[in-house]
Amino acid sequence: MTSSRLRVSLVFAMIAASLFPLGVNAFGTSYTLAATGISLAINFGNGTIHEFSNLEGTNVYEVTNSTAGAEGEWYGNLIFVTSVSGVSESDEAQQYWHYKVNGELGGSAANVYLLEDNDSIEWVLSSPNPNVQTTPVQPIVDYSLILGAAILGGVSILVLIVLWARQYKG
């Protein structure tokens, strides 16, 4: 009788395990397995670089925060990192933190960039790209729009005059 109970329990467990794919718990909430073999480099922009290897984690922020410490400002469920390893950004020096994964600039908040095995994270404290134009561009005025608006206004006034004249004529 005990062996039949054991068999039933094992069959039940196998059926339950097959119903929930890897990455989804019993409540239907998905989760991400930690990536392994992650490397992390922190470039402070003054020649000092701290390097860490053989790390684990699911996203850039988690790995950075658990390894070197990171702080930031939360915007809903997204973080904008403002301090890494105790060094904060500086508006006066125009130095800001940004990250790269495998040499590519991160295109999302650090806490939503999901890592894969053997990814390489680099945080850099630097000034904005000097090649990017930061002065506002003068708007181009399209004079045909101004002329069109003047003509449309004149025609509208003429139509109103004609309608007013017809009302008092009849």
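The values are calculated or read from the model by the stated rules, or taken from the named source; none is laboratory data. For clarity, every value in this text was computed on a predicted model and none was experimentally measured. All Cβ positions, glycine included, derive from the backbone under ideal geometry; neighbour counts span all protein chains shown.
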Matching residues in the range 93-125 - criterion: being more than 17 Å from G37 (Cβ to Cβ), in contact (Cβ under 8 Å) with a residue 60 or more places away in the chain and more than 16 Å from the chain's Cα centre (by Cα): V124, L125
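Residue-wise test of (1) in contact with a Leu (Cβ under 9 Å, 6 or more places away or on another chain); (2) under 17 Å from V101 (Cβ atoms); (3) at pLDDT below 95; (4) not charged (D, E, K, R).
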| position | (1), (2), (3), (4) |
| --- | --- |
| A34 | yes, yes, yes, yes |
| T48 | no, no, yes, yes |
| T67 | yes, yes, yes, yes |
| L78 | no, yes, yes, yes |
| T82 | no, no, yes, yes |
| E89 | yes, no, yes, no |
With the requirement that a residue be part of a loop (DSSP other than H, G, I, E, B) and either surrounded by 12 or more Cβ atoms within 10 Å (Cβ to Cβ) or free of Cβ contacts under 8 Å to residues at least 12 places away in the same chain (or both), what does the range 63-86 give you? A68, G69, G76, S85
